[in-house]
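The values are calculated or read from the model by the stated rules, or taken from the named source; none is laboratory data. Keep in mind it's a predicted model, so treat the numbers as computed, not measured. Neighbour counts are summed over all protein chains in view; Cβ atoms, including those assigned to glycine, are modelled from backbone coordinates with ideal geometry. Heads up: the accessible areas ignore ligands, DNA and RNA and are worked out on the full protein's heavy atoms, side chains in. Shrake-Rupley method; radii C 1.70, N 1.55, O 1.52, S 1.80 Å.
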Amino acid sequence: MGEARIRTGASADGLAPAGSPMPEAGVEAEVAKLLLFLAPAERADLQAEAVRHVLALTGSGPGRALLAGQAALLRALVELAAAPAPAPARDAARALVNLAAEPGLHDPLLEAEPALPARLLGRALDPEWPWAEEAAAVLANLSREPAPCDALMAALAAEEPGGPGLERLVHALCTPDYNPRAPLHYLGPVLSNLSQRPAARAFLLDRERCVVQRLLPLAQFPDSSVRRGGVVGTLRNCCFEHRHHEWLLGPQVDILPFLLLPLAGPEDFSEEEMERLPVDLQYLPPDKQREPDADIRKMLVEAVMLLTATAAGRQQVRRQGAYLILRELHSWEPEPDVQGACERLIQVLIGDEPEPGMENLLEVQVPEDVERRLQQLDHQEREQHIWGQPEEPAAEPQAEGATPT
């Protein structure tokens, strides 16, 4: 999923247009003028006008570059983004969304305000804060990079009272109308970014907390591809933990139907094929639509692929008829990248089992020369998808087969 950005309008009257070149002395004068109006004691209408100008600056690369070296201005912006009415908190937060979309600005933001992740987290999880969605969007952009992600993890670990910070984040994400004034869709990408950290995955996969089970229904959340994509990304990252595959695929979680259902269309399978599918995938209505976002479809396929890393996982995925859904998806899929991922998964499902000692595909050490050759072949395959006609996947074997590496 891409970063969040806010579209900006024209710059405020009396100040230089956003992104326009100016000499160094002019930059200093511009910043000094803005800082006067961004002060906490300044009139709210003047603060709002100055913040609108800063927001306009963040809408262009030169404007963001101009702001990157202005620590005092960035601190003032953070203060206003967390300030109660009548402060222009929303536009200040929107400016931070655009600044945080630039990875090169993460260090200046954290240097200007080291407590930025913790302050934003407090606002994002405040059920009465009207601009909580903007705070979550800033966190979603910041947490894409290692240092801000670590700072956010530290802030979550320090959250008290109200239980562990990750629990509060998951609760806010999974609770309808947690904040009646903010949808909090961007908490999905925040959680996805955090789930790249082993500590976050350990929390998500804690069998006593039932976190994964709460997230599964959101994989088809109809109102926001941002929330859907964040949740699917989180589930995919959890699937890297192969020690939990048996639990994830078993009756306590039963993750596979939740991953396959968004990939399924209105196909009319034979009775024999229908019986192989999980109940939730049988006799789908004729108006059943697949997940419309190609990036999310690819993450769903990748999650299933990760679940086939072990011999037991491959057997379970085969048993639940995943090949049937993937076969039809491959025939329908218009995006080459997703189609290629689908083909690779199909080959795993219909191929031979790896040699003894190589059953866990996540632990196989690939020699560097072989890896380079595979990357070349993958590049050639993508070229074929772009310029030529893709081949149809091989037919499913009648008997339960095994899979290749």
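Taken over the stretch 31-60, residues that are of a type in the set (Gly, Ala, Ser) and either open to solvent by less than 40 Å² (accessible area, probe 1.4 Å) or touching a residue at least 60 places away in the same chain (Cβ under 8 Å) (or both) amount to 6.
Candidates Glu3, Glu24: the one that is of a type in the set (D, E, K, R) and either under 27 Å from the mean Cα position of the chain (by Cα) or at pLDDT 90 or above (or both) is Glu3. Annotation: of all residues in the stretch 102-117 being part of a helix (DSSP H, G or I) and open to solvent by 50 Å² or more (accessible area, probe 1.4 Å), the one that is farthest from Ala72 (Cα to Cα) is Pro103. Checking each residue in the stretch 288-315 for being over 17 Å from the mean Cα position of the chain (by Cα) and assigned to a loop (DSSP other than H, G, I, E, B) picks out Lys288, Gln289, Arg290, Thr308, Ala309, Thr310. Among the residues of the stretch 66-78, write down those that are over 27 Å from the mean Cα position of the chain (by Cα) and within 17 Å of Pro117 (Cα to Cα). Result: Ala71, Arg75, Ala76.
If the condition is being over 10 Å from the mean Cα position of the chain (by Cα), among the aromatic types (Phe, Trp, Tyr) and surrounded by 18 or more Cβ atoms within 10 Å (Cβ to Cβ), then the stretch 176-203 contributes only Phe203. Restricting attention to the stretch 152-165, the residues that are crowded, with 21+ Cβ neighbours inside 10 Å and more than 16 Å from the chain's Cα centre (by Cα) add up to 2.
Please verify whether Arg228 is open to solvent by 10 Å² or more (accessible area, probe 1.4 Å), of a type in the set (Lys, Arg) and out of contact with any Ser or Thr (no Cβ under 9 Å at 6 or more places or on another chain), treating the condition exactly as stated. Spell out how you get there, then give the answer.
Numbers: open to solvent by 10 Å² or more (accessible area, probe 1.4 Å): yes; of a type in the set (Lys, Arg): yes; out of contact with any Ser or Thr (no Cβ under 9 Å at 6 or more places or on another chain): yes.
Answer is yes for this residue.
The residues of the stretch 292-339 that are of a type in the set (Val, Ile, Thr) and crowded, with 21+ Cβ neighbours inside 10 Å, listed by number, are Ile296, Val301, Val304, Thr308, Val317, Ile325, Val338. When the test is whether a residue is closer than 17 Å to Glu246 by Cβ and at pLDDT below 95, Ala303 does not pass it.
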